[in-house]
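Enquirer: Encoded as structure tokens, here's the structure I'll be asking about.
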Amino acid sequence: QVHLLESGGDSVQPGGSLRLSCAASGMNFRLAAMGWYRQAPGKQRELVGSISTNHSTNFADSVKGRFTISRDNINRMVFLQMNSLKPEDTAVYFCNTAWRGRQFWGPGTQVTVSS
């Protein structure tokens, strides 16, 4: 069974930075593309960005130039580096993967950006 567990969420001031981590298990990690999503109160879950098995990344327009994604295949981790955070980045952030035809999600980690 695939398990994903996010960590690193916190409360920060606008302009601050956070690094979220996602630990994965139960799959051949190096063969899985990984994604980061977020869900703000009252809004639908949206894709933040993703990283492929060859480490290529793509991002939502709202975070381009501010967020980066990386992966550590040895330790089966994926990271979301968030810089220049804005209040509108406040959300629960989820790690996601698709493995053998199924979608898997972590429980999420809360990021709050407020002065």
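The values are calculated or read from the model by the stated rules, or taken from the named source; none is laboratory data. Being a predicted model, the structure only gives us computed values, none of them experimental. Neighbour counts are summed over all protein chains in view; Cβ atoms, including those assigned to glycine, are modelled from backbone coordinates with ideal geometry. Please note that ligands, DNA and RNA were not included when accessible areas were found on the heavy atoms of the full protein model with its side chains. Shrake-Rupley method; radii C 1.70, N 1.55, O 1.52, S 1.80 Å.
Enquirer: If you plug each phi of the range 106-112 into the Karplus form 6.51 cos²θ - 1.76 cosθ + 1.60 with θ = phi - 60°, what whole-Hz ³J(HN,Hα) values come out, in order, with x for Gly and Pro?
Expert: For the range 106-112, the Karplus curve yields x, x, x, 9, 7, 10, 10 Hz.
Enquirer: Can you compute 3J(HN,Hα) from phi for each residue in the range 40-57, using the Karplus curve 6.51 cos²θ - 1.76 cosθ + 1.60 with θ = phi - 60°, rounded to whole Hz and x for Gly and Pro?
Expert: Taking θ as phi minus 60°, the curve returns 8, x, x, 10, 6, 5, 10, 6, 8, x, 8, 9, 8, 5, 9, 6, 6, 10 Hz for the range 40-57.
Enquirer: Here's a follow-up. Using the Karplus curve 6.51 cos²θ - 1.76 cosθ + 1.60 with θ = phi - 60°, what ³J(HN,Hα) values do you get for each residue of the range 60-67, in whole Hz, with x for Gly and Pro?
Expert: Per residue, the Karplus-derived 3J(HN,Hα) values read 5, 4, 5, 10, 4, x, 10, 10 Hz.
Enquirer: Suppose all protein chains stay in the model; what accessible area per residue would a 1.4 Å probe give for the chain, in Å²? Working shown, then result.
Expert: Numbers: 6130 Å² over 115 residues.
Computed with neighbouring chains in place, this is 53 Å² per residue.
Enquirer: While we're on this one: Which residues in the range 75-115 have a backbone N closer than 12 Å to a point placed 7 Å from the Cα of Ala60 along the Cα-to-Cβ line?
Expert: 88-94
Enquirer: Taking the Cα centre of the range 9-115 as the origin, how large is its charge dipole in debye, to the nearest 20, when only Lys and Arg (+1) and Asp and Glu (-1) carry charge on their Cβ atoms? Display every interim value, and only then the final one.
Expert: On the way: 12 positive and 6 negative charges, 62 e Å.
About 300 debye.
Enquirer: Could you check how much of the accessible area of the chain is carbon and sulfur, as a whole percent, using a 1.4 Å probe? Before the final figure, lay out the partial values.
Expert: Numbers: 2850 of 6130 Å².
So the carbon and sulfur contribution to the accessible surface is 47 percent.
Enquirer: Something else: Taking every DSSP beta bridge with both residues inside the chain, roughly what % is antiparallel (nearest 5)? If you can, show how the numbers build up before the last one.
Expert: Numbers: 38 of 40 bridges.
Here the antiparallel bridges make up roughly 95 percent for the chain.
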